[in-house]
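First comes the structure, then the notes that go with it.
The values are calculated or read from the model by the stated rules, or taken from the named source; none is laboratory data. Keep in mind that this is a model prediction, so the values were computed, not measured. So basically every Cβ, Gly included, is an ideal-geometry build from the backbone, and we count neighbours across all protein chains shown.
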Amino acid sequence: MALNALGRHVALVGFMGAGKTTMAPMVAERLGRNWIDMDEALGVDIQALFEQGEEAFRAIEDPRTCEVLAASEPAVIALGGGAVKSEAVRAALASRAFSVLLDVDVDDAWERVRTSDRPLARDEATFRRLNDERRPLYGGAADAVAADVDGVILAAGGVHHELGALERLGELVPGTGPVALVTDSTVMGIHGAAAQTALGDRLVSTHELPRGEAAKQLQVVERLWSELRLDRAGTIVALGGGSLTDTAGLAAALYLRGVPWVAVPTTLVGQVDAGIGGKTAIDIPQGKNLVGAFHWPARVVIDEALLETLPERERRQGEAERIKTELLAGRALDVRAAAAYKTALCLRDPRDRGTRQWLNLGHTFAHALEAAADFDLPHGEAVALGLLAALRLSGRDPAPVVAALDPQPVEVDRDRAWEALLRDKKRSGEAINLVLLGDDGPYLEARSPDEVRAALDTLIS
Ligand SMILES: NC(=O)c1ccc[n+]([C@@H]2O[C@H](COP(=O)([O-])OP(=O)(O)OC[C@H]3O[C@@H](n4cnc5c(N)ncnc54)[C@H](O)[C@@H]3O)[C@@H](O)[C@H]2O)c1
């Protein structure tokens, strides 16, 4: 089974009326990919062909589907409803695609197709019989099941969102090999026992790292490596906030030259941001997150029930990132939708070379303020201020950020903040590259140092 759609097509499979043709372009747009509707790509009159019998249709559809799946450029493909009947198509799906079954209630599907001219939807009894026949085939061919666009995107990124998912962690960690649980002392005390129970016999060891940013140190990773007893069939499960998943993810990236890991984010920051997308890192004296690796988690398990124990102070950090994501998406987003937004951007640009940088909206200013405050400024507050500056420079009304986050100017040294901003990696030559927000969404643009400094100054009291 494929774990995600990195480098693979997203193949939408399912019965007539499941929404494959409707959803394919929507998923493709979010992932920045082309989309292909197999019914159209056949280039034949399907109805006329079916008049000659289903065999005649399959003789054209099967090889054409395999051909489309063989193309190297990953796309989003809406498969014909019966394509998975073919063994050759199933083999091509297994090697080239991440297949998502669009689950639909048979009554809803019939309502959608009863007035269409589809050859296999002429009478309800046949339609229902066919649905019963095909269900097991779909189930066997699919890597995941989804019911909406966000669901397809989350599945394609290996992200599982479910209230109460922690209790099913043992099933959600891919494979059957041993598991090492990595967490911090606070989270261990609250959710550790439930995670251990859920992991059952697969759990071979539990490791506690320091809480918060203190985990992101080389000596912490070294100690973890020295404690681990996994072989290459093993998986590291990281249960905690962004600091914990960043550190455990990096440990997994390098241990035995890379073992799989599963992120179970327990903070709002983690669930909408840090746990997703495979960026792992630790800090060094020269700066935060300067040593790391791209190591996409085998699965991300998002259980919003875990947030119930999160202190308000920590929740506010996550709110800033969620509001940032809403600004980028241009619409209101709950945790699941915000996670899906980040998942799509990361699938689109896993190595952070282009569109993924949109996630840095406001962060150039935030990092500068944090550095000038010797990191004694909560990241969420710095991001809220950074969003104000980014919106002002974009010529947009900052009212939504004021209403949601109420950022207050901070007392830091103006020159130190400016120097920190200039050291930021986004600088090219004299102009400063920023993520800004237009009517059609985010874009990258170079702005003059004078403009940027003026915007920074408004954030400082
Ligand atoms: N890799 C990425 O893409 C990415 C993105 C954003 C942020 N980050 C990183 O994430 C880190 C910040 O992560 P964070 O904001 O999640 O905080 P955190 O991981 O530092 O955790 C903060 C505190 O919350 C506690 N905690 C965690 N879950 C809890 C729960 N459910 N109930 C009660 N207490 C709980 C922890 O024990 C800790 O004391 C930063 O180091 C940042 O660089 C990484």
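Just one residue in the set E51, E29, E61 is surrounded by 15 or more Cβ atoms within 10 Å (Cβ to Cβ) and at negative phi; that residue is E61. Scan the range 339-383 for residues that are assigned to a helix (DSSP H, G or I) and out of contact with any Pro (no Cβ under 6 Å at 6 or more places or on another chain) and the total you get is 30. Within the span defined as the range 158-165, one or more residues are surrounded by 14 or more Cβ atoms within 10 Å (Cβ to Cβ) and part of a helix (DSSP H, G or I).
Here are some residues: G275, G292. Which one is touching a strand residue (DSSP E or B) at 6+ places or on another chain (Cβ under 7 Å), without any contact (Cβ under 8 Å) to a residue 40 or more places away in the chain and near the ligand (Cβ under 10 Å from one of its atoms)? Outline the logic, then answer.
Numbers: G292 fails: without any contact (Cβ under 8 Å) to a residue 40 or more places away in the chain.
Selected residue: G275, the only one of G275, G292 that is touching a strand residue (DSSP E or B) at 6+ places or on another chain (Cβ under 7 Å), without any contact (Cβ under 8 Å) to a residue 40 or more places away in the chain and near the ligand (Cβ under 10 Å from one of its atoms).
Could you tell me whether L169 is part of a helix (DSSP H, G or I) and within 23 Å of A146 (Cβ to Cβ)? Here the answer is yes, as L169 does meet what is asked. Restricting attention to the range 159-184, the residues that are more than 15 Å from the ligand (Cβ to nearest atom) and small (G, A, S) add up to 4.
Restricting attention to the range 229-238, and to residues there that are in contact (Cβ under 8 Å) with a residue 40 or more places away in the chain and touching a helix residue (DSSP H, G or I) at 6+ places or on another chain (Cβ under 6 Å), which single residue is nearest to the ligand (Cβ to nearest atom)? This residue is A238.
Of the candidates L377, L345, the single residue that is surrounded by fewer than 24 Cβ atoms within 10 Å (Cβ to Cβ), among the aliphatic types (A, V, I, L, M), over 22 Å from P449 (Cα atoms) and outside the structural domain of K288 (by TED's automatic domain parsing) is L377.
If we keep just the residues of the range 297-308 that are of a type in the set (A, V, I, L, M, F, W, C) and either assigned to a helix (DSSP H, G or I) or surrounded by fewer than 24 Cβ atoms within 10 Å (Cβ to Cβ) (or both), which is farthest from the ligand (Cβ to nearest atom)? Here the answer is A298. Which residue is surrounded by the most Cβ atoms within 10 Å (Cβ to Cβ), if the candidates are limited to the range 239-262 and must be more than 9 Å from the ligand (Cβ to nearest atom) and within 16 Å of the chain's Cα centre (by Cα)? In this case the residue turns out to be W261. Within the range 140-157, being assigned to a helix (DSSP H, G or I) and either touching a His at 6+ places or on another chain (Cβ under 7 Å) or within 16 Å of the ligand (Cβ to nearest atom) (or both) holds for one residue alone: L154.
Take the conditions (1) of a type outside the set (A, V, I, L, M, F, W, C); (2) over 25 Å from I190 (Cα atoms); (3) part of a strand (DSSP E or B); T280 misses just one of them, which is (2).
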